[in-house]
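Chemist: Quick one: the structure is below, and I'll ask about it shortly.
Nothing in this text is a laboratory measurement; each read-out follows from the coordinates by a stated rule. Keep in mind that this is a model prediction, so the values were computed, not measured. Here the Cβ positions follow ideal geometry from the backbone for every residue, glycine too, while neighbour counts run over all protein chains shown.
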Amino acid sequence: MTIKEIEEQLRVTRANVRFYEKEGLLFPRRNPLNGYREYSEEDVEILRKIIFFRGLDVPIEKIRFYMEGKLGLHEILREQICRAQEKQEAAVQAQGLCERLLEQEEPDFASFSVPGEADERPVLIRDTLHRLAYFWDTLLVWGLFVLQALYTLLMYPLLPREIPTDWSGLAAVKYQGKPFFLTYLTLSVILLYGIRVAVFSLYCPIRFRAYLDEACALCKAGGIGFAFSHQIYTVLSWQGVPLGYGTFMLLAAALYALLILICWRLFIRRREAAV
């Protein structure tokens, strides 16, 4: 098949075919008698696929990697979806800016003033979702910490000079001075500021970095929750509530595990909506 027949059959220009050959995507054989390129049915099918992917705006390099088996189709398509969404968001920004400029009096070129990017950039849905995600994680962690701090301040004046800190069944076997009650809050402060530093000091693969802030938030919430639960049990045991330490902490762990699961599911849904 000649290149003219290729042009008629696939509605592609000669220049495009030559370009794909130059980029190493197409390898037609040459007629040994006249040196002209001859395209087989396999060449036509390859070219048809190239044209299809170029219609999806897939880069030449990605098509070459796909042909060589270095990339999978799903990976390419996911990247194209992200690129299409970015272009769509840029188009929404451009449309909003044009509409706002249409509301103003029409200036000539000399008097036209370019709008400031920070002032004219519209707030995108993705930006809003990311801000809400950060706010939710912050609220989860700091909400538990503030609740514990208020609880400590409320209960501290009501505690006796010595409080039980260790039990054998329901019987207290060890006591500590009243200031020991503040160590729970101190432990929570250490967890609040220490977990993120510890995580960042470790190697974290790139594919997990998007989840790092949320994972840190859940770890902080769990750590503060553990200290808070221990603090509550200290007061309950001092009041003589007949509840074993193991049973209470198991119920508290189940409650926090449920809370973390709910928050994680909400985070996954936010991320799916933002992508």
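Chemist: Just to check I understand the Karplus step: with θ = phi - 60° and J = 6.51 cos²θ - 1.76 cosθ + 1.60, what whole-Hz values come out for segment 50-56, glycine and proline as x?
Modeler: Residue by residue, segment 50-56 yields 4, 4, 4, 5, 5, x, 8 Hz.
Chemist: Still on this model: If R0 is 45 Å, what FRET efficiency do you get for residue 62 and residue 103 from their C-beta distance, rounded to 0.05?
Modeler: So the FRET efficiency works out to roughly 0.65.
Chemist: Can you pick out the pairs among 87/220; 70/220; 178/220 whose Cα atoms lie more than 29 Å from each other?
Modeler: Violating the 29 Å Cα-Cα cut-off are 87/220; 70/220.
Chemist: Give me, ordered by chain and number, the residues 5 or more places off residue 175 or on other chains with an amide H under 5 Å from its own placed amide H.
Modeler: 165
Chemist: Taking amide H positions as placed 1.01 Å from N in the peptide plane, with prolines and chain starts having none, which residues 5 or more places from residue 25, or on another chain, fall under 5 Å of its amide H?
Modeler: Those lying under 5 Å, H to H, from residue 25: there are none.
Chemist: Go through segment 64-81 residue by residue and turn each phi into a ³J(HN,Hα) via Karplus (6.51, -1.76, 1.60, θ = phi - 60°); whole Hz please, and just put x for glycine and proline.
Modeler: Going residue by residue, I get 4, 4, 5, 5, 8, x, 8, 9, x, 4, 5, 5, 4, 5, 5, 5, 5, 5 Hz, with x marking Gly and Pro.
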